[in-house]
Amino acid sequence: MHAETCAFRAAGRRPHYRDTIMVTTLSPCWYCSGLVRQFGISHVIIGEATTFHGGHDWLAENGVGITLLDDPACVSLMTEFIEKHPDLWFEDIGVEKT
């Protein structure tokens, strides 16, 4: 499960999520972006979008506040993960390895 989905489930049942902020290491994938829109999460803070540019532009176009930090530590963390686990990375983001 992606961390965004795990965090959403851990937040518990609420009457709405408009007052919540999701914080994620990298740009949310399309599945997680859909979760943000479906449940009306108002803001997403993204550590980096260098290694993966997911659905955050679409979220912004649809009224979700986006803060993109471009944090070097997040880029390094994800770059190292991709180098060590390329098969898992490509499986996880839903793209065939080229």
Out of Pro86, Pro72, Pro15, a Gaussian network model of the chain with alpha-carbon springs under 10 Å gives the largest mean-square fluctuation to Pro15
Rounded to the nearest 500, the 222 nm mean residue ellipticity computed for the chain from DSSP H runs (n ≥ 4, each -39500 (n - 2.57)) alone is -13000 deg cm²/dmol
Expected sort for Met1, Met78 with the fewest Cβ neighbours (10 Å cutoff) up front is Met1, Met78
Fewest to most Cβ atoms within 10 Å: Phe8, Phe52 sort as Phe52, Phe8
Along principal axes, largest first, the alpha-carbon spread of the chain in whole Å comes out as 41, 23, 21
Classified through the alpha carbon gyration tensor (a ≥ b ≥ c as square roots of its eigenvalues; rounded if a/c is under 1.5, else prolate when a/b is larger than b/c, else oblate), the stretch 41-97 comes out oblate
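Any read-out appearing in this document is the output of simple, stated calculations on the displayed coordinates, not a laboratory observation. Keep in mind the model is a prediction, meaning the values are calculated, not measured. Cβ coordinates were reconstructed from backbone atoms using ideal geometry, including for glycine residues, and neighbour counts include every protein chain displayed.
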